[in-house]
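The values are calculated or read from the model by the stated rules, or taken from the named source; none is laboratory data. Fair warning: this is a prediction, and the values are worked out from it, not measured in the lab.
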Amino acid sequence: MGDLGHARKGRHLSRRRFMGMSACAAAGLVVAVPLSAFYAYFVLAIDRFVLEMEGSSSELVDELMDIEYRKTTGQPSTPGIKS
């Protein structure tokens, strides 16, 4: 009978550990899933901002090159670049 009592006590402790680990895993998921969504949103927002900055910098370089071309040649604008 003594061995049976230890087995039951062992199962009870195992069940408590499992429930404790399940609660920790659930709490971790409750935190991780929303944070993962926010992370994806902010990465997307940063990527859009970077693309906008690249486009703006490209336009700025084109304008600066057009100004330099007009200065050096005296022509109204660079051929192939629309103002």
| task | Collect the residues in segment 36-83 that are modelled with pLDDT of 95 or more and among the β-branched types (V, I, T), keeping them in residue-number order. | result | V43, I46, V50, V61
| remark: Checked against (1) modelled with pLDDT of 95 or more; (2) more than 39 Å from the chain's Cα centre (by Cα), H12 satisfies every condition except (1)
